[in-house]
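One structure is given below, encoded as structure tokens.
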Amino acid sequence: MGRLAQTENLTDVQQEILRTVVDFVEKEIIPTAQALEHADEYPQKIVDGMKEMGLFGLTIPEEYGGLGESLLTYALVVEQIARGWMSVSGIVNTHFIVAYLLMQHGTEEQKQKYLPRMAEGELRGAFSMSEPECGSDVAAIKTKAKEDGEDFVVNGAKMWLTNGGSSSLVAVLVKTDEGAESVYKNMTVLLVEKEPGFGEVAKGLLIPGKIEKMGYKGVDTTEMVFDDFRIAQEHVLGGAAGRGRGFYQMMDGVEVGRVNVAARGCGVALRAFELGVQYAQQRHTFGKMIAEHQAVQFRLADMACKVEAAHQMMTMAARKKDSGERNDLEAGMAKYLASEYCRDVVEDSFRIHGGYGFSKEYEIERLYREAPMLLIGEGTADIQRMIIGRRLLEDYKIRT
């Protein structure tokens, strides 16, 4: 490994976990990613390997069968997995967010029921906020859960579910009638269990086929359609106390999700730099390798600075969350910076490759299609800037 994207003050356990993951990425992910991505094939063998390593339970407490590691450890693992193939990091990301929601907001009964199986990777999680007619405007969701005795009857459609088909537990944000004046206090998270796969995965619940995408292939992205789907009220995240708390619970999950997206951006950018600096030493023009041309050296310098800055911002945001402090500002900054810099570094590497970068034979072509997803995942760049701006005004408000 080179000197970029190194993290100081890691424990021996963290270092051992990272060494194991890096070895797995080098041997199992990078050599197969191109073929699997081009075929849009689910990486089952890779997923099985991650289950064996316990990565699905990385942050789940030991008392529930997990490894009990920090958000920082998880983010560094995701960075390396995304370096190999970003789609694989997406498979564990939504799972991690659902586990986090359960750990932070679930009842003890819900934790006992779900977390041990999630730690084993047997029960896989997905979460759902977006809908066909709304993305960042969460208040505009229309999927509604109507109370009917001890149950809710759910109707509506959700959109952009990562792992929508392969998951078996989905945390779904719905509207409920709590009698509150604020729309944000009339939202609830339901823990929806279903069969993995496509079609009718539970009575009244349909997962249509995969959405065809420009990049981010291999991992399934789907819709989720409710038609008089009946679910017991005991499946409200947090039990009775969780009713009307769904928006705030989801935002808590998204906050750690933004650290994860930042980590993915760091991983993809690091891989793009590695490919660029390697190619620059192999390709020759005008009698010398292109790495000796000043213009290419300047480009490599810019790329390296962005890789390093994004990594440091990402680790700072993760450590802030691990300390128990509010980190919406840092998470927003990390997600915004890492995704924007990732796009820049990938494009610079693409330029270094010249015409070969346009060929599917070269890995940079795949990265060029994957990087744009990070610009919109877990909130667009403009949403991040709104969050950052508002928090800065809170901190720097003029006191009179």
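For the condition touching a residue at least 60 places away in the same chain (Cβ under 8 Å) and within 20 Å of the chain's Cα centre (by Cα), what is the one hit in Gly66, Gly57?
Numbers: Gly66 fails: touching a residue at least 60 places away in the same chain (Cβ under 8 Å).
Checking each option against the conditions leaves just Gly57.
Please list, ordered by residue number, the helices (runs of 4 or more DSSP H) wholly in segment 8-119 having 1 or more residues that are touching a Gly at 6+ places or on another chain (Cβ under 6 Å) and open to solvent by 40 Å² or more (accessible area, probe 1.4 Å).
Output list reads 44-53, 86-105.
Starting from segment 314-339, keep only residues that are assigned to a helix (DSSP H, G or I), then list their pairs with residues that are surrounded by fewer than 20 Cβ atoms within 10 Å (Cβ to Cβ) and among the polar types (S, T, N, Q) whose Cβ atoms are within a distance under 8 Å, requiring at least 6 positions of separation or different chains.
Thr315/Thr7; Ala318/Ser70; Asp322/Ser70
Count, please, the residues in segment 167-200 that happen to be in contact (Cβ under 8 Å) with a residue 12 or more places away in the chain, open to solvent by less than 30 Å² (accessible area, probe 1.4 Å) and within 30 Å of Met86 (Cα to Cα).
Residues meeting the conditions: 14.
Give segment 176-221 a look and list any residue that's among the charged types (D, E, K, R) and more than 24 Å from the chain's Cα centre (by Cα), or say none.
Within segment 176-221, Asp177, Glu178, Glu181, Lys185, Glu200, Lys203 qualify.
Working carefully through the options Lys194, Lys185, Lys217, find the one that is closer than 22 Å to Gly246 by Cα and either out of contact with any strand residue (DSSP E or B) (no Cβ under 9 Å at 6 or more places or on another chain) or hydroxyl-bearing (Ser, Thr, Tyr) (or both).
Lys185
Please indicate, with yes or no, whether at least one residue in segment 141-150 is in contact with a Gly (Cβ under 7 Å, 6 or more places away or on another chain), outside any helix (DSSP H, G or I), open to solvent by 10 Å² or more (accessible area, probe 1.4 Å) and on the phi > 0 side of the Ramachandran plot.
From segment 141-150, those in contact with a Gly (Cβ under 7 Å, 6 or more places away or on another chain) are 142-144; that's our starting set.
Still in the list and also outside any helix (DSSP H, G or I): 142-144.
Of the ones still in play, those that are also open to solvent by 10 Å² or more (accessible area, probe 1.4 Å) are 142, 144.
Then keep just the ones that are on the phi > 0 side of the Ramachandran plot; that gives none.
No - not one qualifying residue is present in segment 141-150.
Test Ala75 against the stated conditions and say whether it is under 22 Å from Val268 (Cβ atoms) and modelled with pLDDT of 95 or more.
Here the answer is yes, as Ala75 does meet what is asked.
Scan segment 282-296 for residues that are free of Cβ contacts under 8 Å to residues at least 40 places away in the same chain and surrounded by 14 or more Cβ atoms within 10 Å (Cβ to Cβ) and report the count.
Looking only at that region, the number is 4.
Give Ile387, Ile364 a once-over and let me know the one that is touching a helix residue (DSSP H, G or I) at 6+ places or on another chain (Cβ under 8 Å), over 18 Å from Val268 (Cα atoms), surrounded by 15 or more Cβ atoms within 10 Å (Cβ to Cβ) and among the aliphatic types (A, V, I, L, M).
On the way: Ile364 fails: over 18 Å from Val268 (Cα atoms).
Matching residue, one of Ile387, Ile364: Ile387.
Consider segment 242-279. How many of its residues are assigned to a helix (DSSP H, G or I), at pLDDT 95 or above and under 15 Å from Gln110 (Cβ atoms)?
3
The values are calculated or read from the model by the stated rules, or taken from the named source; none is laboratory data. These figures come from a predicted structure and were not determined experimentally. So basically every Cβ, Gly included, is an ideal-geometry build from the backbone, and we count neighbours across all protein chains shown. When the accessible area is computed, the model is the full protein with side chains, heavy atoms only, and any ligands, DNA or RNA have been set aside. Shrake-Rupley method; radii C 1.70, N 1.55, O 1.52, S 1.80 Å.
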